[in-house]
Structure formats: structure tokens, C-alpha cells
1. Would region 6-62 count as rounded, prolate or oblate if I go by the C-alpha gyration tensor, calling it rounded below 1.5 in a/c and otherwise prolate when a/b exceeds b/c, oblate otherwise?
2. Which lysines have a Cα lying under 27 Å from the Cα of K129, excluding residues fewer than 8 positions away in the same chain?
3. Roughly speaking, what is the stretch gain from Q302 to Q154, that is 0.36 nm per residue apart minus the C-alpha to C-alpha distance, in nm to one decimal?
4. Round to a whole angstrom and tell me the spacing of the C-alpha centers of region 21-48 and region 107-183.
5. Which whole number of Å³ per residue matches the convex hull of the alpha-carbon atoms in region 225-308?
6. Output the DSSP H helices from the chain with an along-axis C-alpha extent of no less than 27 Å and a mean Kyte-Doolittle hydropathy no less than -1.0.
7. All other residues with a Cβ under 9 Å from the Cβ of Y59 taken together, and with Lys, Arg as +1 and Asp, Glu as -1, what is their net charge?
8. Give a quick list of GluC sites (Glu not before Pro) in region 24-110 that DSSP marks as loop, anything other than H, G, I, E or B, with at most 12 other Cβ atoms within 10 Å.
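Coordinate-derived values only; no laboratory data. On a predicted model such as this, the values are computed, not experimentally measured, just so you know. With ideal geometry, Cβ positions are generated from the backbone for all residues, glycine too; neighbour counts draw on all protein chains shown.
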Amino acid sequence: MNKTDKIYVAGHTGLVGSAIMRSLRAQGYSNFMLHTIEELDLTRQAAVEEMFKQERPDYVILAAAKVGGIHANDTYPADFIYINLQLESNIIHSAYRNGVKKLCFLGSSCIYPKFAPQPMKEDYLLEGKLEPTNEPYAIAKIAGIKMCQAFNRQYGTKFISVMPTNLYGPHDNFDLQSSHVMPALIRKFVDARTAAAASATVWGSGSPKREFLFVDDLADAIVFLMNHYDDGEIINIGTGQDVTILELAAMIKEEVGFIGTIEFDSSKPDGTPRKLLDVSKINALGWSAKTPLREGVQKTIQWYLENK
Ligand code: GDP
């Protein structure tokens, strides 16, 4: 990408999109096409087509999505499949029709089978049944990948698909019902400390393992891949290391400075037992994650305290 090329970052105000904006700006890119959800409803095909026709972006980073944690996915399955299918299909099709040079579609590690061998390699896609709590979301993301590959095959487009692991960082959603585990636990421990509570509650058993990538590292990886990766085959982005939810909770508790105990709510689901990406493919291209988990947790706590 040349520094003056026009880059459309769909979802630029979210956790991922805002990090991509920080990374692009830091690297000297300055020509952006940006629309808030109020200005442009990405689920409306005609509106998306019109916007592409008028603004003609050179590159597209598709970071807009309906996202949420285990409870939100389990409670609003229709929204997760409908909104994601609509917006990705509108953007991918319009990108093709308007001659976009390259598009980056963001998938998720939940596209892989629930009981996939760990760490999960890119070619485990569609080799087994998905985790039921987020199957509608995963199916929408898999459709996005297949759509990019189909357009590449039929029309010669250059649409790449990246699979980030669980992400966290500034601008995350800290709502306890709809968030992912990292922001939820930060908020719970901060609230418990403020209230001088005796305990804070962690959902499930604490035994599932998750890999966490600081979102600014993801953004760097995406800009790197936009410049160095042209293959339609999916590529994982992660740290290659995971922790149990209990280990994560203990780290957040310590960093927040909460002195009470950790309790478990076993009425809440554990979800998939382990989700660790094999990152040898992106590492071999010359990219690896930089931010250690503790440092990322500290930065995210700080952002939350300043912005809550
Ligand atoms: P997942 O990676 O798709 O399962 O999504 P989450 O980030 O929402 O959940 C990851 C794991 O953390 C699951 O085992 C949850 O049960 C567990 N967890 C523990 N406490 C919480 C919490 O307060 N909120 C959320 N969202 N998950 C929690």
C-alpha cells in the first residue's frame, strides 16, 4: 500500500478498527474512508454499493462485525449470523465491483472445530463440528472466508483472510453481559476493589484455556500482511501461548490490586475447552506478537480506568 492510497477501514471505532487506525497513522498512511454506523448501515446493500461507487477506496480492511462474548453469542444467535453475513457480503461484493486492489477480511479463531488438535493450524478449518455457543457467528465468518476465496478464484481479486485469536485492549466493550472475558474480568475486579467486596465472580470453571493477543499487535500484523501477503489461504494471528481463565483472573486481580477471593459461577458455560492458534505460518513470514500478556493487561486496565 502506498502512503497516499485510500484505505477503507470498516469498523474504525471498534476495538480492532481503532487499533488499525493507530497503526496506519503511525506508519504514515493518511488517506482514509471512514463511516460511523450512524452514517452508513453496512447491512444495507444499496447504501454500501453507493458509498463504494462514490469514494472508490484502493484498499479495504473489513474490521466491522457484530461481536460479543460467550453469553451474547448464546443469547442473540440470529443477530450474530444475520448482521455478519449481510455486512461482509455487501462489502466483499462492492470491493470486487469497484476494483479494490486488496481486501483484508477478519475472521476469528472460533471458526475452527471445537475439538481441533491444539495448537490449531490453518488447515483444520471445516474438519469437525463447531462450538455450539458461537456456531452462528463462526458460520458467518467461515462464509466470509469462502466468499473471499471464491471471488479470488472467479474474478482474480486479491482478498485475504486473517484469523485473530481472542483480542483485548483499549476501546473494548466492557459491558458485563455482552463482553468477552478479558474486559469483563477487568471491570469485575475494578468494581470489586472499589466496593471493597469480599469476592469477584468468574464464569464457568476457570479451567478453559484461551490465547490473548493485544489488539495493537493484531493491527501491526494486519498492516504487515496487507503489504506482504497475497494468498487467499487463511492465516492465523496470535501469540502462540495460552493461559487458563483462572490464571488470567489471578493476573487481572493482582494488577487491579483486588484483595478478595475469586468465586466461580458454574451456571455459566465454559465454551470450547481450549483455543490456541498455531502461528508458525505468520512467524515464518517475519511477524510475531510483541506485547507480553501482563503488559497488555496493565495497559488495558489503565485505559479502562481513564475511560470508563
Ligand atoms: P469465548 O472465547 O468465545 O468462549 O468467549 P469469552 O471471552 O466470552 O469467554 C471465554 C471464557 O471465559 C469462557 O470459558 C467463559 O465462561 C469464561 N469467563 C469467565 N468469566 C467471564 C466473564 O465474566 N465474562 C465472559 N464473557 N466470560 C467469562
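1. Details: a/c = 2.75, a/b = 1.50, b/c = 1.84.
Oblate, since a/c reaches 1.5 and b/c is not below a/b.
2. Within reach: K66, K114, K121, K141, K146, K209, K268, K275, K281.
3. Contour length minus Cα-Cα distance gives 48.6 nm.
4. Using only Cα atoms, the two centres lie 21 Å from each other.
5. In region 225-308, the Cα hull volume divided by residue count equals 159 Å³.
6. Those that clear 27 Å and a mean of -1.0 are 77-97, 135-155.
7. Numbers: positive: K6, K101, K102; negative: D5, D58.
With Lys, Arg at +1 and Asp, Glu at -1, the neighbours total +1.
8. Working: sites: E38, E39, E49, E50, E55, E88; in loops: E38, E39.
Listed in order of number, the matching sites are E38, E39.
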